Amino acid sequence: MILRYRNAHNQFIPLPFVRLINLMGILSTLHQTPLSNNLYRLFLLRNIAISAQIIIFSLVYHLIELDLPWQNIIITISILLVINFLTLVRLRYHWPATNPEFFFQLLIDISALTVLLYFSGGSTNPFVSLYLIPLIIAATVLPWHYTWIMAAASITCYTLLLFYYIPLPHNHTDDHSRHMFEFNLHVAGMWLTFVLSTLLITGFIAKMSTSIRDRDKELARSREQSLQNEQIVALGTLAAGAAHELGTPLSTMAIIAHELKQDYPDDSEFQHNMQILRDQIELCKQTLTQLLANAGQARAEEGNGEPVDLFLKKVIDKWQLIRPSVKFTYQCKGVQPAPLIMNNQLLSQSILNLLNNAADASVDQININSNWDHDLLHLEILDDGEGLNAEAMERAGEAFFTSKGPGKGFGIGLFLANTNIERFGGSVRLFNRSEGGACTHVTLPIMQSGHPPIPS
């Protein structure tokens with residue numbers, strides 16, 4: 001049984017190599033970039049190649065007893081082993097691997113293969129097709145111009161080996177069985193080369209290609225995040241300007257509402273409606289004041305820990321003040337005492353936006369359910385509306401997309417809610433319910449040991 005170790009990249013490494021790598025402190029530092037990961041895989045691949053060379057030449061020396069320049073072959077393999085050890089030392093450090101460095105490592109492999117083939121039959125050696133392995137690696141990992149240089153180098157070395165090499169020793173007698181033995185040996189070498197090439201391409205080069213795809217996905221996520229941040233900055237600039245401009249008309253509306261309330265003291269229904277109007281105006285003024293006061297503050301300073309049940313109660317009370325005509329039910333359950341959640345203004349505003357969306361879509365009433373444990377808060381907002389159509393299911397969360405119709409929404413509420421909640425480690429999921437209507441499911445992390453989640 002071969003003892004093996006599974007590393008952080010989900011690869012199996014023979015135990016002797018694990019011990020060597022642990023001695024060098026490699027496993028704690030590998031790796032940051034996809035190209036660095038591929039350099040690490042190339043190091044492992046060269047280990048396999050060196051081991052295979054030692055085994056094959058040992059079999060040739062002891063079993064077939066061919067008369068080869070063994071001293072030169074041993075020196076070549078020893079130099080390759082030293083180079084691979086230096087590569088191991090280089091992998092200790094956090095230096096990012098570059099395309100020229102990776103290309104140079106492949107040239108070393110081609111050079112070593114060329115020298116070994118020169119001493120063992122040149123182009124007549126069945127292992128000459130191993131030139132394809134570095135070429136395939138270059139085509140998978142490196143830009144196209146490196147691949148063409150690698151192709152030219154491989155063709156040049158192969159061509160030179162057609163004319164310059166030390167022939168394999170032959171028995172020039174007419175023994176037919178000897179000729180058949182040499183022919184079968186050549187065929188067996190070709191088969192072994194094919195098997196090794198297939199295994200190496202499948203086991204290592206596929207992993208390298210996966211690293212490239214992972215890098216492309218990461219770049220796509222970065223571009224999407226950058227675009228999202230630009231949209232948020234633009235919305236923040238517009239919001240700050242609007243908050244500054246709306247202060248004066250809100251103050252005027254508050255004065256007029258106060259005067260109208262004093263003009264009709266005996267009309268109780270009018271007094272009630274005017275009080276609702278004044279409360280709404282005052283809420284708008286407080287929101288704008290808080291928006292301007294919080295502008296420019298660091299995100300980490302915008303919230304502290306608060307019991308999750310109290311946080312939700314404050315959000316729902318504020319929402320009830322904003323939408324007094326909406327009918328709803330609220331149920332909560334979870335571990336007690338209630339753990340802490342960040343009472344960040346962005347998070348509470350995001351939940352308010354989701355509640356408003358549900359209220360706009362609802363026909364009769366909405367149901368709000370929350371439950372939590374020591375790790376996560378789950379909040380469900382259930383409406384009894386028409387549900388989400390196909391376009392809304394696909395584009396929900398995009399900036400400036402709304403399904404409410406012209407003049408009924410700006411298309412930024414869900415976008416901001418989703419963005420803010422994701423920045424604090426949560427998620428928002430929308431789906432249609434089997435009994436009708438839609439469900440908005442919010443997941444938020446609970447503060448661990450008093451430490452709030454760090455916005456990404």
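Tell me the helices (runs of 4 or more DSSP H) entirely within region 91-168 that contain at least 1 residues that are of a type in the set (S, T, N, Q) and closer than 20 Å to ILE75 by Cα. I'd like the intermediate steps shown before the answer.
Working: elements: 99-118, 132-141, 144-163.
Ranges flagged: 99-118.
All but one of (1) in contact (Cβ under 8 Å) with a residue 40 or more places away in the chain; (2) surrounded by 20 or more Cβ atoms within 10 Å (Cβ to Cβ); (3) under 32 Å from the mean Cα position of the chain (by Cα) hold for PHE311; which doesn't?
Checking PHE311 against (1) in contact (Cβ under 8 Å) with a residue 40 or more places away in the chain; (2) surrounded by 20 or more Cβ atoms within 10 Å (Cβ to Cβ); (3) under 32 Å from the mean Cα position of the chain (by Cα), the one that fails is (1).
So for region 264-275 (the condition being modelled with pLDDT of 80 or more, open to solvent by 60 Å² or more (accessible area, probe 1.4 Å), hydroxyl-bearing (Ser, Thr, Tyr) and outside any loop (DSSP other than H, G, I, E, B)), does at least one residue qualify?
Yes, region 264-275 has at least one match.
For region 368-381, enumerate the residues that are closer than 20 Å to LEU416 by Cα and either free of Cβ contacts under 8 Å to residues at least 12 places away in the same chain or buried (at least 20 other Cβ atoms within 10 Å of the Cβ) (or both).
Answer for region 368-381, where residues must be closer than 20 Å to LEU416 by Cα and either free of Cβ contacts under 8 Å to residues at least 12 places away in the same chain or buried (at least 20 other Cβ atoms within 10 Å of the Cβ) (or both): LEU377, LEU379, ILE381.
Taking PRO452 as the residue in question, decide whether it is in contact with a strand residue (DSSP E or B) (Cβ under 6 Å, 6 or more places away or on another chain), open to solvent by 40 Å² or more (accessible area, probe 1.4 Å) and modelled with pLDDT under 65. I'd like the intermediate steps shown before the answer.
On the way: in contact with a strand residue (DSSP E or B) (Cβ under 6 Å, 6 or more places away or on another chain): yes; open to solvent by 40 Å² or more (accessible area, probe 1.4 Å): yes; modelled with pLDDT under 65: yes.
For PRO452, the condition - in contact with a strand residue (DSSP E or B) (Cβ under 6 Å, 6 or more places away or on another chain), open to solvent by 40 Å² or more (accessible area, probe 1.4 Å) and modelled with pLDDT under 65 - is met.
Determine which member of the set SER154, SER120 is surrounded by 16 or more Cβ atoms within 10 Å (Cβ to Cβ), of a type in the set (Gly, Ala, Ser) and more than 15 Å from GLN53 (Cα to Cα).
Values: SER120 fails: more than 15 Å from GLN53 (Cα to Cα).
Testing whether each residue is surrounded by 16 or more Cβ atoms within 10 Å (Cβ to Cβ), of a type in the set (Gly, Ala, Ser) and more than 15 Å from GLN53 (Cα to Cα) leaves just SER154.
Hey, can you tell me all the residues within region 314-367 that are among the small types (Gly, Ala, Ser) and either within 14 Å of ILE381 (Cα to Cα) or open to solvent by 30 Å² or more (accessible area, probe 1.4 Å) (or both)?
SER325, GLY334, SER350, ALA358, ALA359, ALA361, SER362
The values are calculated or read from the model by the stated rules, or taken from the named source; none is laboratory data. Computed from a prediction, not measured in an experiment: that's the story for all the values here. Here the Cβ is made from the backbone with ideal geometry for all residues, glycine too, and neighbour counts use every protein chain on show. Heads up: the accessible areas ignore ligands, DNA and RNA and are worked out on the full protein's heavy atoms, side chains in. Shrake-Rupley method; radii C 1.70, N 1.55, O 1.52, S 1.80 Å.
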